[in-house]
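The block underneath contains the structure these notes are about, expressed in structure tokens.
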There are 2 protein chains.
Amino acid sequence: MTTARRSDATRAAILEAARERFASDGYERATIRAIARDAGIDPSMVMRYYGNKEGLFVAACAMDLSLPEFGELPARHAGTMLVRHFVDRWEQDERLTAMLRVGVTNEAGTARMHEIFAQGLAPLTRGVCPVPEEAPRRAALVASQILGMALARYVLRLPPAVELTREEIVAWLGPTVQRYLTAESP
Amino acid sequence: MTTARRSDATRAAILEAARERFASDGYERATIRAIARDAGIDPSMVMRYYGNKEGLFVAACAMDLSLPEFGELPARHAGTMLVRHFVDRWEQDERLTAMLRVGVTNEAGTARMHEIFAQGLAPLTRGVCPVPEEAPRRAALVASQILGMALARYVLRLPPAVELTREEIVAWLGPTVQRYLTAESP
DNA sequence: TACGCTTGCCAACAAGTGTTGACCAACGTG
DNA sequence: CACGTTGGTCAACACTTGTTGGCAAGCGTA
């Protein structure tokens, strides 16, 4: 356990500003100078605390990959629950949008997305889908639908996608994800 | 009709190099210098022929938004046909990947995606889906699934998504899109 | 041949980038 | 109090970016 430092407030301000900038501007356009300005400090502080820009991104998007345990829950509602869980998180955690935006243009971001997919989503499907060796493929299908909605709604902001309510999204995507998880291979 | 110019070969080389760079690097990292180097000419030529970087992007991604006519075709296969059509185009036209990558970080790219959605996909759903005023919402759902697969497969390159065959994609996503188009609202 | 237009290269500009090191003030402990 | 450590600013570096203007060579026409 690391003891509290006098600079913890500054460090936190930097991380929050970085998350906002990465989420709204992407990796290249989120400049260290702009982030520092938002945080109300000098750009050189960012370097001192996080080494370089990539280190800052890693720190700003660090999170545990733990997902809720679906193993014990009724497999027939896994789709709906998964969609609801992701929509809720996406609404309240800028890191997800930041990672999606950065994952498209930055190599480290792409790698992090692969990691989250492999360690977060793929194992989870293993417990739900019928044939174990089909799990990665089914996880990819699920990812395509969930990331696609995030892309349309939070990044591209297509008006009809923005206007959907959370419950509408759950009602429409839930059965899709459920089918990708448990329906027999076509 | 514009008459042939002596520089048409160079212009075409620039556009092709630009498409490749935009598709693989995104807007910011696709520098004019790199594009010019790929095309084997001086960066200043790019400026002369296309004005500025944004003009180059517009020219490189210009295309007609016409989609095949689905109005006359059996509405019960519209989902499968739409998915097959998009997968085929995506495989052979770098402009689509370029537009997706750029649309995530660049404002002009986002605007172009809105345009393609509004003028390309949305009108097409109007002829297929039951209630006309639901057409935009259903088009957004379709877009989320199709763009999501493009994102996972061509941009993020999640291994299981890359390994899917075209026919597998059609077989899995076809029914999803069909449901988004024609199933009654949940 | 002489002229104007096109094609192309070269060198440079101004602005912005990530990054670094010197320097100052405040704090906490001996 | 003196002193090392920490938090912070300032100015500058080296580099890359989009963009511009000048100049030479080639082409077609008169």
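The values are calculated or read from the model by the stated rules, or taken from the named source; none is laboratory data. What you see is a predicted model; the values in this text were computed from it and never measured. In this analysis, Cβ positions are derived from the backbone assuming ideal geometry, glycine residues included, and neighbour counts consider all displayed protein chains. In case anyone asks, the SASA skips ligands and DNA or RNA and just uses the protein heavy atoms, side chains included. Shrake-Rupley method; radii C 1.70, N 1.55, O 1.52, S 1.80 Å.
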Open item on the list: I'd like to verify a number: residues in the range A:24-44 that are open to solvent by 20 Å² or more (accessible area, probe 1.4 Å), within 8 Å of DNA strand C (Cβ to nearest atom) and within 14 Å of chain B (Cβ to nearest Cβ), how many?
Closed with: 3
Open item on the list: If I ask for residues that are under 13 Å from the mean Cα position of the chain (by Cα) and of a type in the set (S, T, N, Q), which ones from the range B:71-118 would you list?
Closed with: B:Q92, B:T97, B:T110
Task: Leading residue by the ranking (farthest from the other protein chains (Cβ to nearest Cβ)) among those in the range A:160-174 that are closer than 19 Å to A:T97 by Cβ and surrounded by fewer than 13 Cβ atoms within 10 Å (Cβ to Cβ) - done: A:T165
Task: B:E54 vs. criteria within 16 Å of DNA strand D (Cβ to nearest atom), open to solvent by 40 Å² or more (accessible area, probe 1.4 Å) and in the same structural domain as B:A18 (by TED's automatic domain parsing) - done: yes
Task: Test for B:L151: is it over 30 Å from A:A23 (Cα atoms) and in a helix (DSSP H, G or I) - done: no
Open item on the list: For the range A:89-113: of the residues being among the acidic types (D, E) and free of Cβ contacts under 8 Å to residues at least 60 places away in the same chain, which is farthest from A:G148 (Cα to Cα)?
Closed with: A:E107
Open item on the list: Consider the range A:175-186. How many of its residues are surrounded by fewer than 20 Cβ atoms within 10 Å (Cβ to Cβ) and more than 8 Å from chain B (Cβ to nearest Cβ)?
Closed with: 4
Task: Odd one out for B:M47, checked against (1) modelled with pLDDT of 95 or more; (2) open to solvent by 60 Å² or more (accessible area, probe 1.4 Å); (3) more than 8 Å from DNA strand D (Cβ to nearest atom) - done: (3)
- [ ] Answer yes if at least one residue in the range B:141-156 is in contact (Cβ under 8 Å) with a residue 60 or more places away in the chain, open to solvent by 40 Å² or more (accessible area, probe 1.4 Å) and either farther than 24 Å from B:E94 by Cα or hydroxyl-bearing (S, T, Y) (or both), and no otherwise.
- [x] no
TODO: Within the range B:128-140, track down each residue that is open to solvent by less than 50 Å² (accessible area, probe 1.4 Å) and either more than 8 Å from every other protein chain (Cβ to nearest Cβ) or not in a helix (DSSP H, G or I) (or both).
DONE: B:V128, B:C129, B:E134, B:A135, B:R138
- [ ] Return the total of residues in the range A:1-23 being aliphatic (A, V, I, L, M), open to solvent by 50 Å² or more (accessible area, probe 1.4 Å) and within 24 Å of A:T97 (Cβ to Cβ).
- [x] 1
TODO: Report whether or not A:P68 is modelled with pLDDT under 95, touching a His at 6+ places or on another chain (Cβ under 8 Å) and over 20 Å from A:M149 (Cα atoms).
DONE: yes
Task: Test for A:P123: is it under 20 Å from the mean Cα position of the chain (by Cα), open to solvent by 30 Å² or more (accessible area, probe 1.4 Å) and more than 8 Å from chain B (Cβ to nearest Cβ) - done: yes
Open item on the list: Go through (1) under 21 Å from A:H114 (Cα atoms); (2) within 13 Å of DNA strand C (Cβ to nearest atom); (3) at pLDDT below 95 for A:G55 and report which single condition fails.
Closed with: (3)
